[in-house]
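Engineer: Sending over a structure as structure tokens; questions will come in a sec.
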Amino acid sequence: MNIWLILIVAGGLTYLTRLSFIWLLDKIAVPPLLQRSLRFVPAAVLTVIIAQELFIRDGALAVGLGNTRLLAGVVAALVA
């Protein structure tokens, strides 16, 4: 029973958090510069996530032929 309560509360909090931003942005005028800047946030976040997975191994920068994830990423980029 406790796990269901945790799931429902977590889902409700997630929903309310997202709804608050939608409601807030509806009530205030967002400057055009901020609107243009926010368009690039998803691409920037995705780039950081992918780069971290490809280049960081055991807490250190790993650029070389021994980094199989980096090699797989290069192949995937070439295929795409």
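Engineer: Test each condition in (1) modelled with pLDDT under 90; (2) of a type in the set (A, V, I, L, M); (3) touching a helix residue (DSSP H, G or I) at 6+ places or on another chain (Cβ under 8 Å); (4) open to solvent by 70 Å² or more (accessible area, probe 1.4 Å) for residue 62 and report the one that comes out false.
Structural biologist: (4)
Engineer: Right, another one. Is there any pair linking a residue in the range 1-13 that is touching a residue at least 60 places away in the same chain (Cβ under 8 Å) to one that is assigned to a helix (DSSP H, G or I) and surrounded by 10 or more Cβ atoms within 10 Å (Cβ to Cβ), with Cβ under 9 Å and at least six apart or on different chains, and which?
Structural biologist: none
Engineer: If I ask for residues that are modelled with pLDDT of 90 or more and surrounded by 10 or more Cβ atoms within 10 Å (Cβ to Cβ), which ones from the range 19-35 would you list?
Structural biologist: 19
The values are calculated or read from the model by the stated rules, or taken from the named source; none is laboratory data. Computed from a predicted model, the values in this text were never measured in an experiment. Using ideal geometry, Cβ is built from the backbone for each residue, glycine included, and neighbour counts are taken over all protein chains shown. Accessible surface areas use protein heavy atoms only, side chains included; no ligands, DNA or RNA. Shrake-Rupley method; radii C 1.70, N 1.55, O 1.52, S 1.80 Å.
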